[in-house]
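Before any comments, here is the structure.
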Amino acid sequence: MPRVARAFWLNAPGKGEIRTVELPRPGPDEVLVRTLCSGVSRGTETLVFRGGVPRSQYDTMRAPFQDGDFPGPVKYGYLNVGVVEEGPRRLLGRTVFCLYPHQTHYVVPADAVTPVPDTVPAPRAVLAGTVETAVNAVWDAAPLLGDRIAVVGAGMVGCGVAALLARFPAVRVQLVDADPARAAVAEALGVGFALPEDALGECDLVVHASATEEGLARALELLAPEGTVIELSWYGDRRVSLPLGESFHSRRLVVRSSQVGAVSPARRARRTFADRLAVALDLLADPAFDALVTGESDFEDLPRVLPRLAGGDLPALCHRIRYSAGGST
C-alpha cells in the first residue's frame, strides 16, 4: 500500500478542501518531513484564495512546491516547519523550515530544507519566509545611520520590516497603519506607531506595505525631497492610481519596487537564497517576533478558516496552522 498524506487544495477561487495525496518514498538525496505547523501569509495567500493572481503573473507567482495551476485547482503555500523523519543522517530528527504548502507530510530534496536553529522555537519558525522578505526589503532600502523612516502598512511584512529597521542605530522608525489595534504589535516589536494622519514626515525613506492606493499616496507625502519609497505591496489584478503630478517631480521623489523572488542587487554577488533564509532564521531567535502570530487553527479547519481570513472576518497577521502527529500511512 502506498503511503499517503493530507493536503489543503484550492479547488476554485473561494473554495478549498483537504485531500488525501500519495506520498512517494524518499530517494537517497531526499527527506520525508512530518509537518509541525505552517503559516498562512494573509496577503499573498488570501489573494490566491480569492483568485486574484493576474494571468500574466501565473509563472512568476508559482510557489516552489506548488501543485496545480492558478486559479485552481492548486496547492499553494510556503511557510512550513516540520521534523525530518527519513533522509540523510545529518538531518534526521532535525526541525526544518521549507517553502512547502499546507500538508501533513511531504518529500522534498534534502537541500530544500533549512535546519531551524536551536534558539528558535518551531512555532515561531513559520515566520522565516516573512522575515526573509523583510531582510531582502532592508537590503533594497539600504538605510543609513540617522535616517528618518516610516513603514506604511502594519501587516505581516510591514511589521517585519519595521522590526528590523528599528535595530539600526540612531534611526527614527515609525510604523503607520489605519488600524489603531496595530499599536500593540508595534510596541511589542519596539517600534513607534502612528495613524496615517499623525505620521511624522520629512522621511528619507518610506517602505510601503499596505497594498492600498491610499497607503501609497500617503507614503509619498511623508517623504522629504529626494526621498525614496520602497514598494513592497503586491496588488494582484488590481490597478492603482499614483499621484505623480503635484510636487512629485519638483521634489525628485523615487518609487522603487522590492520583491523576494530575487536576492537584492545590493547583495546578489555575495549572498544566495540559502544565505538570506539563514539570516532570517537567526533573527527569529528574538521572541519579539511572536507578536506577528495573531491566530492559530487546526489543519483540518483550513477549508473554513481561509474564507474567513480572505473576507476579513478573521483579522490576522500570520495565522498559524497546527498539525496532529498522524496523517501518513
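The values are calculated or read from the model by the stated rules, or taken from the named source; none is laboratory data. Remember, it's a predicted structure, so these values are computed and weren't measured experimentally. Cβ sites come from the backbone with ideal geometry, for glycine too, and all protein chains shown count toward neighbours.
For the range 292-314, the condition of being over 20 Å from Trp9 (Cα atoms), of a type in the set (Val, Ile, Thr) and outside any loop (DSSP other than H, G, I, E, B) holds for at least one residue. For the range 161-174, filtering for residues that are within 15 Å of Phe289 (Cα to Cα), among the hydrophobic types (A, V, I, L, M, F, W, C) and free of Cβ contacts under 8 Å to residues at least 60 places away in the same chain leaves 3. Take the conditions (1) closer than 23 Å to Val263 by Cβ; (2) surrounded by fewer than 22 Cβ atoms within 10 Å (Cβ to Cβ); (3) modelled with pLDDT under 95; Ala170 misses just one of them, which is (1).
Mind telling me which of the residues Asp111, Asp118 ends up being in a helix (DSSP H, G or I) and surrounded by fewer than 16 Cβ atoms within 10 Å (Cβ to Cβ)?
On the way: Asp118 fails: in a helix (DSSP H, G or I).
From the options Asp111, Asp118, the qualifying one is Asp111.
Would you say Leu306 is buried (at least 19 other Cβ atoms within 10 Å of the Cβ), more than 30 Å from Pro123 (Cα to Cα) and of a type in the set (A, V, I, L, M)? No.
Only one of the numbered conditions (1) of a type outside the set (Lys, Arg); (2) in contact (Cβ under 8 Å) with a residue 60 or more places away in the chain; (3) surrounded by fewer than 22 Cβ atoms within 10 Å (Cβ to Cβ) is not met by Leu222, and that is (3).
Taking the listed residues Ala137, Ala142, the one that is more than 19 Å from the chain's Cα centre (by Cα) and either closer than 14 Å to Ser257 by Cα or among the acidic types (Asp, Glu) (or both) is Ala142, with no other qualifying.
Examine the range 143-153 for a residue that is farther than 18 Å from Phe273 by Cα, assigned by TED's automatic domain parsing to the domain that holds Ala288, hydrophobic (A, V, I, L, M, F, W, C) and in contact with a strand residue (DSSP E or B) (Cβ under 8 Å, 6 or more places away or on another chain), and state whether such a residue exists. Step through it out loud before you land on a result.
Our first condition is that a residue be farther than 18 Å from Phe273 by Cα; within the range 143-153, this holds for 143-153.
Among the residues that remain, those that are also assigned by TED's automatic domain parsing to the domain that holds Ala288 are: none.
No.
Does the range 242-257 include one or more residues that are in contact with a Ser or Thr (Cβ under 8 Å, 6 or more places away or on another chain), outside any loop (DSSP other than H, G, I, E, B) and among the basic types (Lys, Arg)?
Scanning the range 242-257, I find at least one residue that is in contact with a Ser or Thr (Cβ under 8 Å, 6 or more places away or on another chain), outside any loop (DSSP other than H, G, I, E, B) and among the basic types (Lys, Arg), so the answer is yes.
Against the test of being of a type in the set (D, E, K, R) and either crowded, with 19+ Cβ neighbours inside 10 Å or in contact (Cβ under 8 Å) with a residue 12 or more places away in the chain (or both), the options Arg268, Arg238 yield a single qualifying residue, Arg238.
Restricting the range 121-142 to residues that are of a type in the set (Val, Ile, Thr) and part of a helix (DSSP H, G or I), which is nearest to Asp275 (Cα to Cα)?
Start the filter on the range 121-142 by keeping residues that are of a type in the set (Val, Ile, Thr), which leaves 126, 130-131, 133, 135, 138.
With the extra rule that they be part of a helix (DSSP H, G or I), the set shrinks to 130-131, 133, 135, 138.
Working: Thr130: 15, Val131: 13, Thr133: 13, Val135: 11, Val138: 15 Å.
Among those residues, the one meeting the criterion is Val135.
The single condition among (1) of a type in the set (Gly, Ala, Ser); (2) at pLDDT below 95; (3) surrounded by 13 or more Cβ atoms within 10 Å (Cβ to Cβ); (4) outside the structural domain of Leu164 (by TED's automatic domain parsing) that Ser233 does not meet is (4).
Of the residues making up the range 191-200, those that are surrounded by 14 or more Cβ atoms within 10 Å (Cβ to Cβ) and not hydrophobic (A, V, I, L, M, F, W, C) are Gly192, Pro196.
Here is a yes/no grid of residues against (1) surrounded by fewer than 17 Cβ atoms within 10 Å (Cβ to Cβ); (2) over 30 Å from Pro115 (Cβ atoms); (3) touching a Pro at 6+ places or on another chain (Cβ under 7 Å); (4) in the same structural domain as Arg50 (by TED's automatic domain parsing):
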site: His208; (1), (2), (3), (4): no, yes, no, no
site: Gly215; (1), (2), (3), (4): no, yes, no, no
site: Thr228; (1), (2), (3), (4): no, yes, no, no
site: Glu246; (1), (2), (3), (4): yes, yes, no, no
site: Val263; (1), (2), (3), (4): no, no, no, no
site: Leu277; (1), (2), (3), (4): no, no, no, no
site: Asp290; (1), (2), (3), (4): yes, no, no, yes
site: Asp298; (1), (2), (3), (4): yes, no, no, yes
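Look at the range 41-69: where a residue is in the same structural domain as Phe97 (by TED's automatic domain parsing) and under 25 Å from Ala110 (Cα atoms) and a partner is in a loop (DSSP other than H, G, I, E, B) and not small (Gly, Ala, Ser), sitting 6+ places away or on another chain with Cβ atoms under 6 Å, you get Met61/Val53; Ala63/Tyr76; Ala63/Tyr78; Pro64/Leu99; Phe65/Tyr100; Gln66/Tyr76. Examine the range 233-240 for a residue that is on the phi > 0 side of the Ramachandran plot and touching a helix residue (DSSP H, G or I) at 6+ places or on another chain (Cβ under 8 Å), and state whether such a residue exists. Yes, because at least one residue in the range 233-240 is on the phi > 0 side of the Ramachandran plot and touching a helix residue (DSSP H, G or I) at 6+ places or on another chain (Cβ under 8 Å).
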